[in-house]
Amino acid sequence: MIKEVQSWLRSARSVAVLTGAGMSAESGVPTFRGENGLWRNYRPEDLATPEAFERDPKLVWEWYDWRRGLIAACQPHEGHRALVLLEERTLQFLLITQNVDGLHERAGSRQVRRLHGSIWILRCTRCGDEHEDLTARLADIPPHCACGGMLRPGVVWFGETLPEDAWRDAQLAAQQAEVFLVVGTSAVVQPAASLALIASNASSKVVEVNPDATPLSSFVAASLRGPAGQVLSEIIS
Ligand code: BJW
Ligand code: ZN
């Protein structure tokens, strides 16, 4: 199957990629679900919802600050670099990511759409101003804006809508892609997971890269069971 996928990717004029937390696992960033996932120790409704932030902003910020410190110490891996190579050699390419860690951008990917925002962006809950802050650990928790309002992480929590532009571009890319790669996502969070169905319905060859089966595995054109770093390096060469 590796050889076949290699040749699909070589001949495709249009490729789109959807990545999830498993993409960053080999860099040392914990995934959400599964054995060592973040949700093993924390309930999503306690930390990743607007209600949780309203209830206890300090607790939510402590979790995000801890994750910012952890991610700052991580480096992109060979799989991130393989996707940069794929972008460089493909006529029409879009990398759609659910990840908030910024590792794709650090590896050199340029056409990136972030469906769930960025952990490095801080947004004011009062004036709406937002800025990037790459400090590994913030000095004040919770941080405040110059206007006096409280800042929040620039990520998309459960119940919030996705950034409109990114979501529109992602849907379009899924419809147009000849090959649609789905890497390291459990495919349970909507609407991100629906992109694979959009691609499949548009006759794209959907290829899944994941050590485990997911709800997508039964209908994809190829299911490559293995870690993202190794499999992506093999299929993009
Ligand atoms: C490896 C690996 C290795 C391990 N290599 N792989 C329909 C039905 C029911 C509910 C809903 C519905 N539609 C919407 C909802 C509600 C909700 C939702 O989906 N709930 C379900 C969970 C039930 N969705 C929302 O609320 C979303 N908003 C919304 O729908 O607004 C309306 C709207 C509709 C249409 C258009 C636009 C808007 C918002 C969802 C926001 C998700 N936010 C989070 C937190 C982000 C901030 C943060 O980081 O803290 O996003 S939750 C968390 O899950 C995070 C992730 O991006 C997301 C997805 O997780 P992911 O990436 O798949 O990670 P894991 O851990 O689940 O899986 C890792 C995978 O990697 C596993 O499969 C491993 O096997 C694999 N793996 N090692 C390759 N080395
Ligand atoms: Zn402000």
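A few points about this structure:
- Average Cα contact separation per residue, the stretch 1-99, under 8 Å, 6 or more apart, as relative contact order %: 45 percent
- Annotation: amide H-H contacts under 5 Å for Thr19 (H modelled 1.01 Å from N, sequence separation of 5 or more, or interchain): Ile96, Thr97, Gln98, Val183.
- Unit Cα scatterers, Debye sum, the stretch 168-209: log10 I(q)/I(0) for q = 0.23, 0.24, 0.25, 0.32 Å⁻¹: -0.69, -0.75, -0.81, -1.19
- Net length gained if the chain between Leu85 and Asp212 were fully extended (0.36 nm per residue, minus Cα distance): 43.2 nm
- Largest mean-square fluctuation among Pro57, Pro30, Pro215, in a Gaussian network model of the chain whose springs join Cα atoms under 10 Å apart, belongs to Pro215.
- Here the simple spin-label model places points 7 Å from the Cα toward Cβ, and for Ala72 and Gln190 these points are separated by 3.8 nm.
- Largest-first principal axis extents, alpha carbons of the chain, Å: 55, 33, 29
- Taking the centroid of alpha carbons for each part, the stretch 69-98 and the stretch 169-237 are 15 Å apart.
- Mean separation of Cα contacts under 8 Å (6+ apart) over length of the chain, as relative contact order %: 26 percent
- Most fluctuating residue given options Gln175, Gln190, Gln111, as computed from a GNM of the chain linking Cα atoms under 10 Å: Gln190
- Rg to Rh, two decimals, where the stretch 168-237 supplies the alpha carbon set and Rh follows Kirkwood: 0.95
- For the stretch 136-237: relative contact order, % (alpha-carbon pairs under 8 angstrom, 6 or more apart): 19 percent
- 11 Å reach of a label modelled at Glu4, 7 Å along Cα-to-Cβ, counting backbone N of the stretch 183-220: none
- When the GluC sites (Glu not before Pro) in the stretch 1-48 are filtered for DSSP coil states and for at most 13 other beta-carbon atoms within 10 Å of their beta-carbon, the remaining sites are Glu35.
- Remark: C-alpha extents of the stretch 1-77 on the principal axes read 52, 26, 23 Å, sorted largest to smallest.
- Calculated FRET efficiency for the pair Glu45/Gln171, C-beta based, R₀ 30 Å, to 0.05: 0.60
- Where labels lie 7 Å past Cα in the beta-carbon direction, separation of Met150 and Glu35 in nm: 3.7 nm
- Over the C-alpha trace of the stretch 42-119, radius of gyration and Dmax come out as 15.5, 48 angstrom.
- Evaluated at q = 0.14, 0.18, 0.19 Å⁻¹: base-10 log I(q)/I(0), Debye formula over Cα of the stretch 114-185: -0.58, -0.81, -0.86
- Candidates Val189, Val84, Val112: whichever shows maximal mean-square fluctuation once the chain is modelled as a Gaussian network with Cα springs under 10 Å: Val189
Throughout, read-outs are computed from the coordinates displayed, never taken from laboratory work. Just so we're clear, the structure is a prediction, and the values are computed from it rather than from any experiment. Virtual Cβ from ideal backbone geometry, glycine too; neighbours counted across all protein chains shown.
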